[in-house]
Amino acid sequence: MPLCRLALLLGALWPLAALSAEPSDVLRYVPRQADAALIVEQPRQLANALIRFEPLRQLASFAAVQEQLEATSSKRFLSLIGYFEKSLGKPWQELLDVLAGGGACLAIRFEGDDSPALLVLKSTDEAMLHKALDLAKDVARQELDRTEATARFRSVEYRGYTGHQLGPNAFVAACGPVLFLSNRAEAVKAGIDLYINGAHESLAGRGHAAAARKMLPAQPAAWIFGNTARLHEMPDAQQAYRYPKGDVGQLAVFQGLTDVLGKSPFIAIGTYLSDTGMQTAVRMPAGRDATPDGLALHLPAEGQQATLPLLEPQGVLFSMSFFLDLGKLWSERERLLVESTRKEIEGADQRLGRFLGGRKLAELLTSIGTHHRLVVVHQAKAGYSQQPDQIQPAVAFISDLRSPDYAAGMNAVLRSAALVVGAQAKLKYKEEAIGDVKLVTYRFPENGELPGDAGNARFNLSPCFAKVGNQFFMASTVELGRELVSMLQQPEQPTGQSTTQMRVYAAGGATLLSALEDQLLTQTILDRASTVDDAKREAARFVEWIRSLGLLQIEVDYGRTEFHIDIRMKK
Amino acid sequence: MNNPQPIDVQWAWAPYQPSAKAPWDLRRVGHLYRRAAFGANWDELQSGLRKNPQQCLDELLQGGPDGPDWPESIGKGNVGPQIPAWWLKRCLETRNPLREKLAIFWHNHFATSDAKVNNAGYMLGMIKLLQRHALGNFAELLQEISLDPAMMVWLDTNTSKKGMPNENYARELMELFSLGIGHYTEQDIREAARAFTGYEIKNGRGLLNAAQHDDTAKSLLGKTGRFKAEDIVNLCLDQKCCAEYIALRLFRFFISESLTPEPQLIQPLADEFRNSGYNIRQLVERMLRSNLFFSDHAIRTRVKSPVDYAVGIIRALEGNVSALALAGALEGLGQRLGYPPSVKGWDGGQAWLNGQTLLFRQNLALALSSTEDDRFKSRTDPARLVRKHRHDSGEQPVQFYLQLFLQDDVPAGTRERLTDYLAKARQQTPPVYWTAEQSADHPLRAVCHLVLTLPEFQLD
């Protein structure tokens, strides 16, 4: 499709441009009606950073990526770049400086399948930009001829500038050093209006883009501005923002994010690249102040530390530590919950006693603590003499207790639950003493079959629970449980400012992938048409590449008036 | 299609000897490789032409060594969607194409779908059973398939208990697997169903649980006894019509699906099949070596199945594509191995072709010949192929593709149109940024695509 090729050419030039001492003002040419905009202020810097980014460099050496680079479409694209280099007399890096050195922006207004999108490039050499556009049009014309397409370029005059239309959904115009490309004529016209009239009605002039940019750390490789104004007008969003709320699950998991989003006129996301690492920052201009006083389940008192240190058992794949005050769900239920939901919870408090070992739901909610942790761990071998067909990761949930005395209550709750499940699966109960700690364990019998479990998946599970100091945990395997007993006996204090912190560990993922080598090989053989030996080599390299990625760390912080999520990939 | 003149039975099954009237030419070499394999590549065609038909057939019947074993993750992980790709990869790479082709035939005969079985391990077990017996003994195959775990789930044998017999397997055993309609009664089915009670799947095998088995006497097909499953299968195999039914199914697969054979044409094959103790290889060999197989009664008288169509193109282009991508494409063409639409299998024949599947065939042909499709990339490149075989200049590419894919079996007008197209395509000015190689290759790929969309190429 000629249209696609034209877009491909312009799209390819967009992320590759020059260093500029001044911040880009490309947003001056983007209409303020845009809902979202992706901005690259220094395209060449982004291109260079991507080229130097070690994980991508390593990825490029894989056979699958090499094959993609050798594909006909890739070769033609490189030929196209070569043709532009030759015709315009500069290597692509310099062309990037010239054609998009003033910045590039892709803006969109969400209107369903046919949403208008506008690409804006600001050149540092007006003559060169016009020459490149003429060249691109020539190439597109040749493609149209080759494919015997009926579409032809048509010139359109608007306020003294000549735009070009190709088919019903491609419009392009160059005004001075600025190029506009869109799927809607109105969007290009709006861009030309801004170019002529000035930036008053642009994202730079009327929106919150400047404030969004200021909230982000300096020098993003690329950043996104999201305008939340239209989101706030949606009935579903207004319902979600309103107190009291009807959905307990949503309240417990998304209360903080929903409240902040409801008070923020925009969201800003920036990405930063170094040779070996990557960081993404999410910012919104609302924080603790977004939630009504005394109702925040997700926030500790101001100034208090929010989370306990992350737990990192052997083979850890994922670790999470977060603050959540479920007690408030009960004590503040009048203000937090709509009447119907409140009555359901109060009814449950009355009804669930026999399933909770005689304890009340209210007692459970108000007795467990506010610091919670979750770990997912790869364990090389299941703790049975029979092994499952596929090893599954082990999981544990750890929570502190407001009063250590409530451990007996948790014990009763979990034993009741185990009684219900265990009766059907014939689980065997056992208590294991580890120092002063009593680990309560359940195991499946190894003789006989369990209907519906042809792959012996049950041998991935030996559920257990224990109280260690003021911590209580449930784990899916005894092996993980034993390790947690040892870890939780070390003294620890809440240390993090973040209300949620998470880590994804590449090393654990690589070890898990190694354990799943058969699946990896089969997928490689079927997808890449490899021999078994080639697939083994490729899979081993892929596992090592995963291992080299280090870890992904995610931290969520609520300031008084700012919300931060920071995602870092580091060695 | 009824035959205007009855076929001489003696002539039909006599071994084919090349003659002036029926020479051993490219057309017959291609026909043999299409029916007894998944088509031939250029070297196989040329080599086949140099040999005699007997040598070619010996090689196809003999086959070559199997490749290395695969990991067992599809079965262990119950990854059903990988089954079609797994099988297609075997078809693409096998050195026993006749065995693989027959395994697909038996898969259609004993049509079982993972859509209900929902156990990839059981399905792979059944497919391997079909491969093992593809050219073996039908009696053993029928016995083993009757207690195959996938079949037991598919036709509910595993839930059939004393006092509550399920008739599904007994019915299909007689109707579809061994006798054909008209050779049994409803009473026979009810009695046979009682013999199939009490069979359970234990550790991946079909085993009898005597406590759930109806051990009382049953009367069917003229016999009475306290029959078990094995006895019922033997009773079916004892019926004269069993050999006739299977011979006819294989006749339609190997000889012609448009020809309606007179009973006397099938009878010699059926008699031999029965007398051999149901030796499949002997029956297949008799058909493939016959005059009838190499005659116009057989050549291009079947519609290619999607698997034959696609695997044939890829093997001819000497390519090696993603089996997962190919499996996805073949689903659109109407054939998903491991997932036949019903217990009757795929309708086949002209049912393979309709407006939609023809369009999908054209799209797949384009994807496999253009090198511009993200799924297949440059793994099947007609331009590279003609260069490799040094047929890339002048009109040679048209001649090469027509010989490779159709063994020149097209009207003269078709050849002229293709030659004209290639000449015009070469005269067109390519986009200015294309390299010389890109400009030269594009018309070669385009003309190959046209060959693959010819009506004649849809025929087997």
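Remarks
- The one condition in (1) buried (at least 23 other Cβ atoms within 10 Å of the Cβ); (2) touching a Leu at 6+ places or on another chain (Cβ under 8 Å) that B:GLY338 fails to fulfil: (2)
- Evaluated against (1) crowded, with 18+ Cβ neighbours inside 10 Å; (2) within 14 Å of chain A (Cβ to nearest Cβ), B:VAL29 falls short on exactly one condition, (2).
- Residues in region B:53-81 that are surrounded by 21 or more Cβ atoms within 10 Å (Cβ to Cβ), in contact with a Gly (Cβ under 7 Å, 6 or more places away or on another chain) and facing another protein chain (nearest Cβ under 10 Å): 1 in all.
- Pairs meeting the criteria (first residue in region B:355-377 and closer than 15 Å to B:LEU454 by Cα, second residue of a type in the set (Lys, Arg), beta carbons under 6 Å, at least 6 apart or on different chains) are B:SER369/B:ARG445.
- Residue check, B:PRO84 more than 14 Å from chain A (Cβ to nearest Cβ), crowded, with 23+ Cβ neighbours inside 10 Å and at pLDDT 95 or above: no
- Candidates B:VAL284, B:VAL307, B:VAL303 - the one that is under 15 Å from the mean Cα position of the chain (by Cα) and either surrounded by fewer than 20 Cβ atoms within 10 Å (Cβ to Cβ) or within 14 Å of chain A (Cβ to nearest Cβ) (or both): B:VAL303
- Put simply, of B:THR429, B:THR419 the only residue that is among the β-branched types (Val, Ile, Thr) and within 23 Å of B:ARG27 (Cβ to Cβ) is B:THR419.
- Criterion: of a type in the set (A, V, I, L, M) and more than 24 Å from B:ARG99 (Cα to Cα) - qualifying residue of B:ALA327, B:ALA316, B:ALA323, B:ALA365: B:ALA365
- Single condition A:VAL253 does not satisfy, out of (1) assigned to a helix (DSSP H, G or I); (2) over 21 Å from the mean Cα position of the chain (by Cα); (3) surrounded by fewer than 16 Cβ atoms within 10 Å (Cβ to Cβ): (2)
- When the helices (runs of 4 or more DSSP H) confined to region B:221-292 are screened for residues that are in contact with a Lys or Arg (Cβ under 7 Å, 6 or more places away or on another chain), at pLDDT 95 or above and of a type outside the set (A, V, I, L, M), those reaching at least 1 such residues are found at B:240-254, B:263-275.
- Taken together, B:THR216, B:THR260 contain a single residue that is free of Cβ contacts under 8 Å to residues at least 24 places away in the same chain and either surrounded by fewer than 16 Cβ atoms within 10 Å (Cβ to Cβ) or within 23 Å of B:GLY345 (Cα to Cα) (or both), which is B:THR216.
- For region B:316-328, taking the residues that are crowded, with 23+ Cβ neighbours inside 10 Å and part of a helix (DSSP H, G or I), the one that is nearest to the other protein chains (Cβ to nearest Cβ) is identified as B:ALA323.
- Search result, residues across region A:510-548 that are in contact with a Pro (Cβ under 6 Å, 6 or more places away or on another chain) and either surrounded by 18 or more Cβ atoms within 10 Å (Cβ to Cβ) or of a type in the set (Phe, Trp, Tyr) (or both): A:ASP518, A:LEU521, A:THR522
- None of A:ALA506, A:ALA475, A:ALA529 is at positive phi and either within 14 Å of another protein chain (Cβ to nearest Cβ) or aliphatic (A, V, I, L, M) (or both) except A:ALA529.
- The condition of being modelled with pLDDT under 85 and acidic (Asp, Glu) holds for A:GLU449.
- Per-region count, region A:109-150, residues assigned to a loop (DSSP other than H, G, I, E, B) and more than 23 Å from B:SER439 (Cα to Cα): 9
- Residue check, B:LYS202 of a type in the set (Lys, Arg) and over 24 Å from B:GLY75 (Cβ atoms): no
- Scanning region A:272-300 for residues that are out of contact with any helix residue (DSSP H, G or I) (no Cβ under 8 Å at 6 or more places or on another chain) and under 13 Å from A:THR499 (Cβ atoms) returns A:ARG288, A:PRO300.
- Unmet requirement for A:TYR272, which otherwise passes all of (1) crowded, with 21+ Cβ neighbours inside 10 Å; (2) part of a strand (DSSP E or B): (1)
- Some residue of region B:97-118 being within 14 Å of another protein chain (Cβ to nearest Cβ) and at pLDDT below 95: yes
Conditions tested, residue by residue: (1) at pLDDT 95 or above; (2) in a helix (DSSP H, G or I); (3) within 14 Å of chain A (Cβ to nearest Cβ).
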residue	(1), (2), (3)
B:SER342	yes, no, no
B:GLY345	yes, no, no
B:GLN362	yes, yes, no
B:ALA365	yes, yes, no
B:LEU368	yes, yes, yes
B:VAL398	yes, yes, no
B:TYR401	yes, yes, no
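- Within region B:436-451, residues that are in a helix (DSSP H, G or I) sit with their Cβ atoms under 8 Å from residues that are aromatic (Phe, Trp, Tyr) and crowded, with 20+ Cβ neighbours inside 10 Å, at 6+ positions apart or across chains, in these pairs: B:HIS442/B:TRP434; B:VAL447/B:TYR401; B:CYS448/B:TYR401; B:VAL451/B:TYR401; B:VAL451/B:PHE405; B:VAL451/B:PHE457.
- Test: residue in region A:514-536 that is more than 28 Å from B:ILE74 (Cα to Cα) and not in a helix (DSSP H, G or I): no
- Being modelled with pLDDT of 95 or more and within 14 Å of chain A (Cβ to nearest Cβ) is a property that holds for B:LEU337.
- Residue in region A:92-107 that is out of contact with any Pro (no Cβ under 7 Å at 6 or more places or on another chain), within 14 Å of chain B (Cβ to nearest Cβ) and among the small types (Gly, Ala, Ser) present: no
- Filtered residues of region A:60-91 (kept if of a type in the set (Lys, Arg) and away from chain B (no Cβ under 12 Å)): A:LYS90
- Among residues of region A:437-464, those that are closer than 16 Å to A:GLU483 by Cα and either within 14 Å of chain B (Cβ to nearest Cβ) or not in a strand (DSSP E or B) (or both), counted: 3
The values are calculated or read from the model by the stated rules, or taken from the named source; none is laboratory data. In this text, all values refer to a predicted model and were calculated from it rather than measured experimentally. We place every Cβ from the backbone using ideal geometry, glycine too, and count neighbours over all the protein chains shown.
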